[in-house]
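First the structure, then my questions, so here it is.
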There are 2 protein chains.
Amino acid sequence: MSATAEKFRSISPAEFFYRNKEIAGFANPARALYQAVRELVENALDATDAHGILPNIEVSIERDSVKQYVYRISVKDNGIGIPEKYIPEAFGKVLFSSKYVLRQTRGLFGLGAKMVILYGQMTVGEPAEIISAAINSRRIYSYRIMIDVRENKPIIVSKGVWPNNTGWHGTMVKVAIEGDWSRAKQKILDYIKRTAIVTPYANIVFKTPDGEIYTYLRVTETIPPPPRETKPHPHGVDLELIKTMISETKAQRLIDFISEEFQGVGNVIAERFLTKYGFDPSKDPKTLSKEELELLVKALKEFNEFRKPRADHLSPIGAELIKIGLNSILKPEFVDAVTRKPVVYEGHSIIVEVGIAYGGSIQPSEEVVLLRYANKIPLLYDEKSDVAWKVVSENIDWSYYGIVFPAPLAILVHICGTKIPYKGVGKESIAEVPVIEKEIEEGVRQVARSLKLYLARKQKEEEMMRKAVTIIKYVPEVARNLAVLSKANPVRIDEKELEMKIFELVKHKYGEYLNNISSPYDIVIGIE
Amino acid sequence: MSATAEKFRSISPAEFFYRNKEIAGFANPARALYQAVRELVENALDATDAHGILPNIEVSIERDSVKQYVYRISVKDNGIGIPEKYIPEAFGKVLFSSKYVLRQTRGLFGLGAKMVILYGQMTVGEPAEIISAAINSRRIYSYRIMIDVRENKPIIVSKGVWPNNTGWHGTMVKVAIEGDWSRAKQKILDYIKRTAIVTPYANIVFKTPDGEIYTYLRVTETIPPPPRETKPHPHGVDLELIKTMISETKAQRLIDFISEEFQGVGNVIAERFLTKYGFDPSKDPKTLSKEELELLVKALKEFNEFRKPRADHLSPIGAELIKIGLNSILKPEFVDAVTRKPVVYEGHSIIVEVGIAYGGSIQPSEEVVLLRYANKIPLLYDEKSDVAWKVVSENIDWSYYGIVFPAPLAILVHICGTKIPYKGVGKESIAEVPVIEKEIEEGVRQVARSLKLYLARKQKEEEMMRKAVTIIKYVPEVARNLAVLSKANPVRIDEKELEMKIFELVKHKYGEYLNNISSPYDIVIGIE
């Protein structure tokens, strides 16, 4: 046997992601170009709408005139900017971020910009340029930085400071990477378009390497309430989390710890909870034994008198906006949407929203057309490994809802929360977490029932319509015959008058199905 | 606007993966149980066959008698063991590993065991137990450890030392995690079985929580040559890698750097290379300017006189073993396999192997049955997002190879190399890397052509067979008639003798298609 000693060593987070860039979505030049645009646009939106600022986002991709594989990406926003002291690490240190709090943001891993810069560094080797001014900053700062991969720290190549005379705030990031525009183009255009659909309050301008300019202008000044930072809900704790919380809390009594550090727990409930499970409310949480901690976690998870998780810190799209979005892209004959009540996944509130669109301009296909969003970002890759795909393709028996494939059916699923269980740091598909799968399924069933009712009503309408039409068709003839008969009578009946009277009678009975018909001749002419 | 200042902070790699355990395959209790078994079994195999040791692996999962959601997993191997000084960090520090070298191993991220322990710590809270003795160690060490998530370092709960009287070496890991056996069972059994298929030289015993025991006994003592550590190939460098290599090399002249630090480069080639691109061979590599480095990387990538990447440090399964494996599981009528020549992906040699199986016991289905392996580990989840799926379902027009779906067709794809571009650290699907996609496609085309030839030959055989059968069917009648005619002649012909003579004549012409037919009556009886 070749019993060579193994070489053990430690690597930095920067080196880990440098070695494994595929897991962050940088598998090839086309995918990398798409991923780079995404990461920077998502940071730009997080810096604006998440702080109540109407976003103005400018995206530009330029091809190097000599090195044709080199693309210079620039993304500029009017967001809150980055305080100067944080700029180098925010862009030059992997796992350093403002996203490690309980708040609904597009970015969650704190990796995106750093991955773009790392990839640029590997493939082109130019430093990234960051220009930023925080709100009310009197200066605008510019940094050119690279990442020291071994040490996981920023290398500041150069730095500049200018007076901020116009009161500008925001951030602009420029980075050169190896890309493949022709293969990435369609996905990037789709991405920008589908982003614009759920941010109708944003101006987004996109300049392509071909010199085309795509502009999505703001259609409303109304910005949804920004997400807010929150505390964990007791139903989602784990042993590790509770230990961290106890080590960090200032509360010296268990009752204060429970009521101050969690959402959904007041003093009264905290006391009832502790009594029920036999904890001393005045005990110092830091003195809990291992067994007590285990019991506490179990109890926090099962006690059902805590208030339901709040959703007011989250920022869903909303059923109305989803319906508008679906109508505008898909132009279906039927649309509906639902925003579900919040649920808890590991201490994080999550809201699932589901939209449905049917018929109209949707082409019938063998499978459901699935539009996936998470925290308002469109997910375009890896659909088949997403939990939402499992729901629509396996869990739901569509024939129960009157759908037989091929069918013109689209489902939109949006998941928002302070944590999204992505399967990978490339943020393309969502893992099979039971509580989320259940929510998506319930949501899909809800809108599918609504579609079923619509289809049933439509079918009934069509039947009644046929019936009414059959009757009305003969109104002129009946009227004529009656009029002829009436000639012999003392009171002469006008044929046209009679026609209208009979028509009114029929219309009274079937009126709801005959909105567009104002005379029996509408049908007679229409039919013959 | 709510211009609250963002809170920036740094998190440790342990905290990153604790917060994002889904990306490592720990999305729910069922998946986590499967993932935990995988990670520990893969470590056990890496500690044995990769060092020329015939593996004896014992896997056991027990359900806790009180807490029914708690499972105790134990995996024991007879591998090289872990030197005592490394035990705590190898299991208690994320991104500390022996896998960060250029060698084909099942584990590549150096994350698996740590993720299992982290997940156990979150869900159950017991320390993991590690018992290990390195080869020739006089002592056996046992550690009970947990992970300090904030600091990313091991917490040693207890430690024991015993004399190693029997000369045992190997490692045993025991860890308690929340699981869901009923939902994970099938995948875990599949995983163990499909692992056994490609490691016929291993003993694997698996004890389930239901008390069943699955045993895969060694069927051969022949172990494939173990993979060996290697150097990067010049065609796969990037700017970042070359900078690291230069900072670490002892070579003081460019020519020594190029010829010593890369595979496939001797002194002569190194000199020719440097001359061609105008580099001074005696220049100190540490003094290269940014522009020179860029040129060097470009030149290393494009120079086509370097030796092809070597494959002798890799350990493929081999076409024969793949055919045996496919025959034994699928029992097809046709099987073939190919081991492709090595290619380079980012400085890493990669070998793609493709097997094909058709007909026999394979049930016809609407899609190709795809069996995926990477570095000898079976990949069971996320098939549809794997590059191999793209190849077999999009790139290949199967009708060209005479296949019309539904068809009884299975394709096995094995990728081995010092780097596998997994899409996620859960190691379930492989990213769309162009060079790998091309290799898989070429491999599939190669075995598909072999199937096409087989099918064409089979069709021709069937036609010829039909033709021969049609003729032979009438041999007795013809013989009889000839015999009757001959009665009038001077030389009387025996009917049976004539029959055999005519038959022999026909068989001479169509013989290769009539192997099993020894008399015309075989057909006459068979047909009528």
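As I understand it, the value is the acute angle between the Cα axis of helix A:475-486 and the longest principal axis of the Cα atoms of chain A; what does it come to in degrees, rounded to 10?
So the inclination is approximately 20 degrees.
What is the mean projected area of the alpha carbon convex hull for segment B:58-199, to one decimal in square nanometres?
The orientation-averaged projected area of the Cα hull of segment B:58-199 comes to 9.8 nm².
Relative contact order for segment B:9-131: what percent, with Cα pairs under 8 Å and sequence separation of 6 or more? Display every interim value, and only then the final one.
Numbers: 141 pairs, mean separation 31.3, N = 123.
So the answer I get is 25 percent.
Here's a follow-up. By how many nm would the segment from A:LYS298 to A:VAL205 lengthen if fully extended, with 0.36 nm per residue of separation less the alpha-carbon distance?
Taking A:LYS298 through A:VAL205 to full extension adds about 28.4 nm, to one decimal.
Sticking with this structure for a sec: May I ask you to report, in nm to one decimal and beginning with the shortest, the distances from A:LYS290 to the same position in the other copies, taking label points 7 Å along Cα-to-Cβ?
5.5
List A:HIS508, B:HIS233, A:HIS169 from most exposed to least, where exposure is judged by having the fewest other Cβ atoms within 10 Å.
Exposure proxy ranking, most exposed first: A:HIS508, A:HIS169, B:HIS233.
Considering the zone a paramagnetic label at A:ILE155 would reach in this model (a point 7 Å from Cα along the Cα-to-Cβ line), which residues of segment B:207-248 have amide N under 12 Å from it?
B:239-247
Another question, if that's okay. What FRET efficiency, computed as 1/(1 + (r/R0)^6) with R0 = 60 Å and r the Cβ-Cβ distance, is obtained for B:TYR400 and A:LYS452, rounded to the nearest 0.05?
0.85
Let me ask something else about it. In chain A, if the dipole is taken from +1 on Lys/Arg beta carbons and -1 on Asp/Glu beta carbons about the Cα centre, which of A:PRO227, A:ALA468, A:LEU274 is farthest to the positive end?
After comparing all options, I get A:PRO227.
Please say if segment B:1-134 is rounded, prolate or oblate, where rounded means a/c under 1.5 for a ≥ b ≥ c the square roots of the C-alpha gyration tensor eigenvalues, and otherwise the choice is prolate for a/b larger than b/c and oblate otherwise?
Because a/c hits 1.5 or more and a/b fails to exceed b/c, segment B:1-134 counts as oblate.
Quick one: plug the Kirkwood hydrodynamic radius of chain A (C-alpha pairs) into Stokes-Einstein at 10 °C, 1.306 mPa s, and report D in µm²/s.
This corresponds to a translational diffusion coefficient of 58 µm²/s.
Roughly what angle does helix A:112-123 make with the longest principal axis of chain A, taking Cα atoms, 0 to 90 degrees, to the nearest 10?
That helix lies at roughly 70 degrees to the long axis.
Specify the angular offset, from 0 to 90 degrees and rounded to the nearest 10, of the alpha carbon long axis of helix B:181-198 from the longest principal axis of the alpha carbons in chain B.
Taking Cα atoms only, the helix is inclined about 70 degrees.
Could you tell me which of the pairs A:LYS243/A:LYS419; A:LYS7/B:LYS7; A:LYS93/B:LYS21; B:LYS331/B:LYS376 are separated by over 28 angstrom between their Cα atoms in the structure shown?
With Cα atoms farther than 28 Å apart: A:LYS7/B:LYS7.
Suppose only helical runs count, i.e. DSSP H with n ≥ 4. What mean residue ellipticity at 222 nm does that imply for the protein assembly as shown under -39500 (n - 2.57) per run, divided by all residues and rounded to the nearest 500 deg cm²/dmol? Let's see the in-between values first.
Details: 30 runs with 388 residues, N = 1056.
It lands at -11500 deg cm²/dmol.
Moving on to the next point. Hey, rough spin-label estimate for B:SER182 and A:HIS508, points 7 angstrom out along Cα→Cβ, what's it come to in nanometres?
6.2
I would also like to ask the following. Under the convention of a label 7 Å out along Cα→Cβ, give the distances in nm from B:LYS159 to the same position in every other copy, shortest first.
Result for B:LYS159, in nm, nearest copy first: 4.3.
Quick check: from the Cα gyration tensor, does segment A:319-447 come out rounded (a/c under 1.5), prolate or oblate?
In terms of gyration-tensor shape, prolate.
Next up: Which percent, to the nearest 5, of DSSP beta bridges fully inside chain B are antiparallel?
Counting only bridges with both partners in chain B, antiparallel ones make up about 85 percent.
Apply the a/c threshold of 1.5 to the C-alpha gyration tensor of segment B:234-302 and tell me whether it is rounded, prolate or oblate. Could the numbers behind the result be given before it?
Working: a/c = 1.18, a/b = 1.12, b/c = 1.05.
Here segment B:234-302 falls in the rounded category.
Taking each residue in B:119-131, count the Cβ atoms of any other chain within 10 Å of its Cβ, then average. What number comes out?
3
Suppose the chain between A:GLN363 and A:LYS501 were pulled fully straight at 0.36 nm per residue; how much longer would it get relative to their current alpha carbon spacing? Walk me through the numbers before you get to the answer.
Details: separation 138, 0.36 × 138 = 49.68 nm, distance 4.36 nm.
Net length gain for the segment: 45.3 nm.
Run the label-point distances for A:TYR474 please: 7 Å along Cα to Cβ, every other copy, nanometres, shortest first.
Those label-point separations list as 7.2 nm.
Now for a separate question. Quick one: if the Förster radius is 51 Å, what FRET efficiency do A:GLU463 and B:LYS331 give, using the C-beta to C-beta distance and rounding to 0.05?
E(calc), rounded to 0.05, equals 0.40.
Length gain on complete extension for the stretch A:LEU189 to A:LYS308, per 0.36 nm per residue less the alpha carbon to alpha carbon distance?
38.9 nm
Values in this text are rule-based calculations from the coordinates and carry no lab data. No experiment lies behind these values; they were computed from the predicted model shown. Virtual Cβ from ideal backbone geometry, glycine too; neighbours counted across all protein chains shown.
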